[in-house]
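Below is one structure; the comments refer to it alone.
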Amino acid sequence: MCFVGFEGLTAPDYLLEWIRAGRVGGVILFARNVASPQQVADLTAALNEAAGPEGIIVSIDQEGGTVTRMHAAEGFTEVPGAMALAATASAVGDDGERHAERMAAVLADELRAVGISWDYAPVVDLFYNSGNPSLGTRSFGSDPDRVGRLAAAVVRGLQSRGVAACAKHFPGLGSSTLDTHIDLPVDERSLEWLLANDLEPYRQVIGAGIASIMVTHTIIAAIDPALPATLSPLVVRQLLRERLGFDGVVSTDCMEMGAITEHFGAGDSAVLAALGSIDAILFSHTVARQEAAYEALLAAARSGELPEETIDAANRRLAAFQTRYVQPPTSLDVIRSAENRAAALEAARAGVVLVKGEAGAAEGAPLTFARGTDGRGIGVVEFASALDSGIVEAGGLTGFGRGLRAHLPGAEVMVWQEKTHEAALALADRCETLIVATRSAHLSPQRTEAARGLLRASGHPVLAALRGPFDARLFIEDAEVVLCSLGDAEPQIEAAAEALAGVYAPSGRLPVEERSL
């Protein structure tokens with residue numbers, strides 16, 4: 001029942017010893033454990049060798065879009081995230097489910113190839129507000145039924161290729177404005193509201209045969225005002241298992257997030273999770289907390305505080321899960337194949353949204369402001385997210401800057417920093433058209449002010465919102481053209497650059513209600 005993470009590109013000796021001793025049921029990988037496909041394959045092989053003939057469950061957060069642990073830089077295929085897939089609707093019909101299933105299959109094929117059997121996706125939290133710091137483009141949108149249909153498509157795509165899916169974060173954290181990484185939110189909404197809205201996607205993924213569900217570190221006051229959902233038998237046993245009829249694996253979110261650690265010790269929280277009918281208890285980072293959780297669970301089992309029938313039920317579910325999904329890895333040849341990259345780019349193009357176009361341009365036509373210019377007279381100022389580090393790559397350009405240069409080699413491209421703001425204003429003044437590319441500027445007053453100043457300084461301002469669509473609300477009156485990529489995974493950056501260069505006509509539609517923008 002104990003799932004753990006670790007530092008490094010190879011399994012540390014203590015972890016291999018824990019696996020051999022049966023102290024660990026599974027491992028979670030992060031970006032810190034990934035350098036290349038071959039390295040990950042070697043790592044999972046070592047973990048399975050330590051586990052013996054039955055192998056071990058290896059898991060990862062590879063949602064696509066913002067939450068991606070295995071990147072193009074390490075040799076993997078990046079795919080658009082949930083909100084971009086939900087935007088893939090055109091005048092001739094809704095392609096969202098097709099793209100969602102196909103992108104999930106791409107992820108599953110590459111995960112299977114390196115020996116990963118469990119993907120913590122899809123996110124089925126409904127989008128309620130742009131102030132939610134941990135959701136954004138990870139959500140399929142606002143409509144419960146459509147979120148459920150798209151999530152079910154992801155389940156089909158992952159599990160048809162032999163990788164277990166995991167819907168999260170039960171019963172929903174979309175309405176929160178407090179990040180569970182920091183502290184413990186309280187959801188005051190009624191049970192009737194949850195049943196009619198946030199729980200609808202769970203009904204659909206359960207109907208699709210989803211293998212697992214992750215519970216949120218949020219107090220659901222209408223059900224249990226005392227304990228976060230992760231630790232509450234009322235939420236897990238009564239609502240998820242009995243009312244919704246789910247008998248698959250139930251997982252915690254990481255138990256080292258502030259929502260738990262600020263209020264509970266590692267041992268106490270692990271025992272409460274087990275008593276609440278959680279099967280897989282995740283401690284992703286710290287050896288001391290992992291040891292404390294294991295020792296507390298063992299002591300609770302020996303004393304009878306944790307009943308044998310509860311342990312047996314969890315292990316029955318985990319054993320069935322392992323039998324189905326822990327299988328020999330497939331060939332590495334599938335990873336970052338031309339077919340996978342082409343599929344990801346197709347989905348990314350379909351998800352680009354033109355919120356505001358050129359005056360007089362025909363609806364459904366490509367943008368023309370860059371046509372025939374070779375980029376001459378066009379300036380580009382790109383903002384990295386305030387939360388990102390290392391976004392500026394070798395040579396001073398990001399993937400977006402390089403993508404634009406591929407189509408508009410004459411464009412002047414720079415990355416905004418506070419110390420370069422005056423140079424950016426000078427670029428806006430001397431260029432006929434200025435493209436300002438933002439990433440969640442709505443979360444930073446400083447970046448909002450800087451981006452608005454640049455747009456207003458340009459004769460022909462263009463906004464490219466490279467994360468969520470929420471910057472569109474801020475700058476819709478300041479730009480002649482407003483384009484949303486709904487994420488900045490590699491294919492989405494390429495698709496946004498192509499759209500701005502007039503290569504194709506964007507056809508995506510925002511999957512969140514206008515009042516939410």
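The values are calculated or read from the model by the stated rules, or taken from the named source; none is laboratory data. Every value quoted in this text rests on a predicted model; they were computed, and no experiment measured them. Backbone-built Cβ (ideal geometry, glycine too); neighbour counts: all protein chains shown. SASA here: full protein model, heavy atoms, side chains in, ligands and nucleic acids out. Shrake-Rupley method; radii C 1.70, N 1.55, O 1.52, S 1.80 Å.
Ala457 passes every criterion in (1) at pLDDT below 95; (2) open to solvent by 10 Å² or more (accessible area, probe 1.4 Å) apart from (1).
Residue count for the stretch 137-172 under the criterion of being in contact with a Ser or Thr (Cβ under 8 Å, 6 or more places away or on another chain), among the hydroxyl-bearing types (Ser, Thr, Tyr) and farther than 17 Å from Asp61 by Cβ: the result is 1.
Every condition in (1) in contact with a Pro (Cβ under 9 Å, 6 or more places away or on another chain); (2) surrounded by 20 or more Cβ atoms within 10 Å (Cβ to Cβ) is met by Leu443 except one, and the failing one is (2). Could you please give the count of residues in the stretch 469-514 that are open to solvent by less than 10 Å² (accessible area, probe 1.4 Å) and polar (S, T, N, Q)? Matching residues across the stretch 469-514 total 2. Set side by side, the residues Gly52, Gly65, Gly25 differ, and just one is in contact (Cβ under 8 Å) with a residue 60 or more places away in the chain, farther than 21 Å from Glu494 by Cβ and not aliphatic (A, V, I, L, M), which is Gly25. Residues that are hydroxyl-bearing (Ser, Thr, Tyr) and under 17 Å from Val124 (Cα atoms) within the stretch 213-250 comprise Thr216, Thr218, Thr230, listed in sequence order. A single member of Asp125, Asp95 is more than 17 Å from Leu158 (Cα to Cα) and open to solvent by less than 10 Å² (accessible area, probe 1.4 Å), and it is Asp125.
Among the residues making up the stretch 268-293, those that are hydrophobic (A, V, I, L, M, F, W, C), more than 16 Å from Ala313 (Cα to Cα) and touching a strand residue (DSSP E or B) at 6+ places or on another chain (Cβ under 7 Å) are Ala270, Leu282, Phe283, Ala293.
Among the residues of the stretch 386-423 satisfying the criterion of being more than 23 Å from the chain's Cα centre (by Cα) and at pLDDT below 85, which is surrounded by the most Cβ atoms within 10 Å (Cβ to Cβ)? Restricting to residues being more than 23 Å from the chain's Cα centre (by Cα) and at pLDDT below 85, the top hit is Gly401.
Within the stretch 37-71, the set of residues being outside any loop (DSSP other than H, G, I, E, B) and on the phi > 0 side of the Ramachandran plot comprises Gly64 only. Tallying residues that are surrounded by fewer than 24 Cβ atoms within 10 Å (Cβ to Cβ), under 20 Å from the mean Cα position of the chain (by Cα) and either small (Gly, Ala, Ser) or in a loop (DSSP other than H, G, I, E, B) (or both) within the stretch 72-92 yields 3.
Which of the residues spanning the stretch 451-463 are out of contact with any helix residue (DSSP H, G or I) (no Cβ under 6 Å at 6 or more places or on another chain) and in contact (Cβ under 8 Å) with a residue 60 or more places away in the chain? Residues satisfying the conditions are His460, Val462. Tell me yes or no: at least one residue of the stretch 286-302 is open to solvent by less than 10 Å² (accessible area, probe 1.4 Å), farther than 21 Å from Leu29 by Cβ and outside any helix (DSSP H, G or I). No - not one qualifying residue is present in the stretch 286-302. The residues on offer are Leu318, Leu354, Leu345, Leu367, and the sole one that is in contact with a Leu (Cβ under 7 Å, 6 or more places away or on another chain), open to solvent by 10 Å² or more (accessible area, probe 1.4 Å) and in contact (Cβ under 8 Å) with a residue 40 or more places away in the chain is Leu354.
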